[in-house]
Each structure stands twice: as structure tokens, then as C-alpha cells.
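Notes for the one structure printed next.
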Amino acid sequence: MNEINSKPEIGLDPANWDDIKTLGHQIIDDMVDYLKNIGNKPVWTPIPQQVKDEFKKPIPQQPADIFEVYEEFKQNIFPYHGGNIHPKYFAWVQGTGTPMGAFADLLAGVMNNNAAIGNQSALYVDKQVINWCKQLMSYPETGSGILVSGGSIANITGLIVARNTIVANAKNAGVYAAQGKLTAYCSSETHNCLGKAAEVIGIGNEQLRKIPVNDNYEIDIEALKAKIKEDRENGFFPFCIIGNAGTVNTGAIDPLNELLQIAKNEKIWFHIDGAFGALAKLVPAYQDKLKAIEEADSVAFDLHKWMYMQYEVGCVLFKDAAAHRAAFATAVNYLTAHDRGIAAGPETISNYGMELSRGFKALKVWMSLKEHGVDKYAAMIAQNIDQAFYLGEKVKQHHDLELMAAVTMNIVCYRYNPGNLDDDQLNVLNKELLMRMQETGIAAPSSTLLNGSYAIRVANTNHRTRREHLDEMIAGTIAIGSTLMKEHDSKLFKFDFLISK
Ligand SMILES: *Cc1c(COP(=O)(O)O)cnc(C)c1O
């Protein structure tokens, strides 16, 4: 035997499988305790410096015991989550996840499918989940879709198909194949991932026309029509209108039916960013406002936000399945389908999006929908909306609180306003108030600017939230606000000083 063949061979599975079982049971026990008690802990805990220092250590050269690795995780990682699994977390738009969703991710990890290709269960589950997503949106059965990492990539995928469908030969010739510079249209309240999408598809952010909004933060239809007309007169090539089903700032829903009509008249692609708001389609009171989703050329939405599923999973649907496929399909030798064997499976999902290798993200969607059923999700989403209206009312009732935008869905923007401060001072006060509320772990809303005014922004996509949690947040707001006013009066906290800095 030569030297190479006599060397003992190695692998990465454990030497002792019983240890894995023991550790696995420990992890499940810890996981259940963690989730069961999450509401009794602060919504967020700042990370101590010595823990941050742990993450600067160099790459390990030598193996460590699996129990020690897990212990380190428990010490330095597990306690310092971002907060979004907590019942009093309302920052940005973040989902909560479920225990069953965590199991699904674990099981997907065990199977470790490359869910892109091959005659394997994962591809059939993926197809079924896409069909279920169409049913969620009452979207045509003949449509198609793909699961992606989230709303950003879902929107980009939508715009790629829009470009490649409206501009013949864009796939080979790029945007240069268009007769005139391509322009797309959305409201000024649109999420910045659509700006990124405009950059990625080669039209450039300037050619994404940000149309002003009305007092309800919905796109101004007349301004949109005028801009399209003006662009056509100046030799531009309008190819896509993007409607918002739930803007990130206030949850506003653009007049989607009108946008759909304009897109039809102008022969423009109609895409909807419904990252969270599209899911309100499950709630009867929103069905009319969101009816146009059913006829949109493409619609993007997240399952990890308002379907409460584990990160990461989003979806984009297309009315024209052939156009969807044509935008991405390529025939390459190493992906050729066979009559039998593993390569006889469904068509590779890489023919429907940018990615080739993909995890089995469909499994958590499949298991979650089986566990709860659509009706439960509809009731859950309706409850989040009811809670937002409840919060809006509580804000209106208190003389030191001001509602900053009408509540229309699940987002509430408010501020502490004792009445004797100017706008700049209020901005400083409320920013400080929010940071204290987060640091003390009372509750975790985030912030935004509405017409230049700083607002505490509550986005409710949280299945763990109950009305009492909102009551506690309001009580916390008032307590911190009045403390800040006292500090201001005794010159401990200076609004003006902070502004001039
Ligand atoms: C969150 C969000 C996005 C981006 O989705 P990700 O899943 O975070 O990539 C896009 N649009 C809106 C309205 C959003 O709320």
C-alpha cells in the first residue's frame, strides 16, 4: 500500500452518535423553555462588550467538544436575539416564527436537500407550496411562482421578468434592446428594495419615478398619469408600474384597482409589492382594496413577515407562467433532464429564478400551513389589525400622545407630545424616548420620519402580542416621556443642545 491509501480516513459525522442524541434532547428542552418564557424577559438585551469581543477571535484550528460549542452558543448567542420573537416587538416589519417552523428548518437541515433539482420529495412540496401561495392570493391557477429568500429578491425577480417580457430580446441584448430609456413608476413611499431592483435590472434608480403621495400616503394617480405622459413625450419607454399593498412607513395601500387599469391601458407591466400587506387579502374587510392582486402581472410577498414563518422565505407570483420561465430558463448540459433516475424529476427550479442551489424552505411553509390551516392565519392577521386599531384609539385617548398617521392596517405611528414643545424638540424627545424604551426592554417599536416629524412606529405582525402588551408599551411611553420632561425642566436632558450637535 502506498502512503495515501494507508492513511486512516476521516469524516465529519460524530464519533459517538449517542452524544448527538443527548445534545439534541438538551437543545429541544432549552428551545421549549426559551420560547415558552420569552414574554417574561426584556424584549431586548444589549450585548456586553466582553461578549462582543468573543466574536473577534480568530478561526479555530483545533476541534472542540460539541457540548462545549453548544455551551458557548448558550452563553454568548442565545440570550442576545434581536427581539422579534418577543410579544412586545414591533420594529420594522418582522415576523415571529413558530416552534413548528423551527422544527421544519431542523428537518430540512437533516435532509439537507438541494431543492433545486432532482426527482425528490422537496421539489413536489415546493410545487404544492407555490400552488398554495396562489390560493392565498386568489391568483390564477395557471400562474407560476418561486420561493426566494424574502421580499427584496421577490421584487427584484418580479422586475427582471417584467423587463424581459416587455422588452423583446432583453435577455441577450439587455436594456439596450428597448426603444428608449426604460422607466418604472412607484410612489415615494415605496420600499428601497425597488430602487435596488431598478439598479440591478439596469434601468438605474433615476428611471424609477417616485410619484408623490396624497395625505393618506397613497400614490397620486393624476401625478402618475402626467409623468407617464411626459416620459412618453420625451422618448422614454414606460414599462412597469409598481403598486404598494402596505407601505413600510404607514401600511398604506395604493389604489391598486386604478393602477391596474392604467397599466392595462398603457400596456405596462403591473407589479405589486405586498411584502406584508398582501396577506391582508385573507381578511374580508381588505378584499376589495386588494382585489387587483388577482390580476397583477406579478406580486411579491413575504411568508416570514405576516405569515409568521421562520426566516428566510418570500414568494413572487406571475400571471404568465411562460413569461416567468422564459426570463430565466437556460439549457445547459449538466442540468439535462433524463427519462428515468434522479434527473427525471420536475424541471429545475433554477429555470424560474436567479439561484441554482437552494435549501428546502418550502418545508416550513408546508408544515406551518398544515399545522394551522389558512383560516387560523386569516384570524391571526385580522387580530393584528384589530390590535393596531386598538392602539390607535389608546393613543388618541391620551392627551400627551399624538397619532401621526391614520391607522389603516397594522401600522401605528405616534409620538409623545406634551404640547409645549416645537417640532425639532419633539423630534429629539421622541428619539431619546424610543431608545430608552428599547434599552430598558419595555417594548421595541422602531421609528420613521413622516413629513420630517419623528414618529414612533409600531408594525404589528406578531402572533404573540396581546392587548395588554400594547397597554404596557403605552404606559412605558408616557412614563419615559414624563421623565424626560422632568429632566428637561431640571436641565438634565437638553433638547436644544442635542439639536445643535
Ligand atoms: C420588508 C419589506 C420589503 C423587503 O422584504 P425582505 O423580506 O426584508 O427582503 C419590501 N417591501 C416592503 C413593503 C416591506 O415591508
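Of note:
- Applying 0.36 nm per residue to the separation of PHE78 and ASN37 and subtracting their alpha-carbon distance, the gain on full extension is 13.4 nm.
- DSSP-defined antiparallel bridges as percent of all bridges, the chain, nearest 5: 55
- When the C-alpha to C-alpha distance is required to be over 23 Å, the pairs from LYS88/LYS431; LYS264/LYS289; LYS36/LYS88; LYS127/LYS370; LYS171/LYS291 that qualify are LYS171/LYS291.
- Projected label points at LEU107 and THR336, each 7 Å from Cα along the beta carbon direction, are separated by 3.7 nanometres.
- Normalised per residue, the accessible area of the chain is 49 Å², obtained with a 1.4 Å probe and no contribution from ligands, DNA or RNA.
- For region 291-351, applying the loop criterion from DSSP together with a ceiling of 16 other beta carbons within 10 Å to the trypsin sites (Lys or Arg not before Pro) yields ARG340.
- Residues ASP489 and LYS57, FRET efficiency given R0 of 51 Å [Cβ-Cβ distance, rounded to 0.05]: 0.60
- Of the residues GLU218, GLU9, GLU439, ranked by 1.4 Å probe accessible area with the largest first, the sequence reads GLU9, GLU439, GLU218.
- Here region 94-195 has 53 percent of its accessible surface on carbon and sulfur atoms, given a 1.4 Å probe and all protein chains in place.
- Inverse of mean 1/r across different Cα pairs in the chain, Kirkwood, Å: 25.2
The values are calculated or read from the model by the stated rules, or taken from the named source; none is laboratory data. Given the structure is predicted, the values throughout are model-derived calculations rather than measurements. So basically every Cβ, Gly included, is an ideal-geometry build from the backbone, and we count neighbours across all protein chains shown. Accessible surface areas use protein heavy atoms only, side chains included; no ligands, DNA or RNA. Shrake-Rupley method; radii C 1.70, N 1.55, O 1.52, S 1.80 Å.
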